[in-house]
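Just below is one structure, and these are the notes that go with it.
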Amino acid sequence: MDLKAIGAVACAVMLAACGSDPCSKPSPCPNDVMKTPAQIDQCRASLDANKNAPCYQLALATGECIQSSTVCTAGGTTDGALTITKASNNCKNQIDASTSCCMTNASSSACQ
C-alpha cells in the first residue's frame, strides 16, 4: 500500500468510525482511551462538512470496514500493526475504491 493509500485509509478512519453515529461509538478494545466530548464534536463537524463531498460514501465504507477489522492486544488496547494488516486484507475493495476516487477527486474534502 502506498503513502497516498495509507493517507486515504487514515482519512476514512477519521470520517467513519462506525454506523449511525460514528463519532461517539467506543473502540472495540475495552482499554482504549475514550473519546472526549470535544473530539466527538470535532468528528461530527467533520462528518457534516464532508457529507456532500465526492468520495465521502466510499471513505465512510472504508472506515467502517477498518473499524470492524480492529485487533485488540492481550491488554485490551488496539494493536495498530495487526489492525492495519487485517484491514489491508479485509478491506482491499473499499480501500481501492476510496483511493481511486480520491486520485480522481484530489480536491475533495473527503480526501484531505
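The values are calculated or read from the model by the stated rules, or taken from the named source; none is laboratory data. Everything numeric in this text was worked out from a predicted model, so none of it was measured. No Cβ is skipped: glycine too gets one built from the backbone with ideal geometry, and neighbour counts run over all protein chains shown.
Observations, loosely collected:
- Residues within the range 25-48 that are of a type outside the set (Val, Ile, Thr), at pLDDT 85 or above and either in a loop (DSSP other than H, G, I, E, B) or touching a Leu at 6+ places or on another chain (Cβ under 8 Å) (or both), tallied: 11
- Only one entry in Ala38, Ala53 is within 30 Å of Ser107 (Cβ to Cβ) and surrounded by fewer than 17 Cβ atoms within 10 Å (Cβ to Cβ), namely Ala38.
- The requirement of being outside any loop (DSSP other than H, G, I, E, B) and either more than 18 Å from Ala97 (Cβ to Cβ) or modelled with pLDDT of 90 or more (or both) is not satisfied by Leu60.
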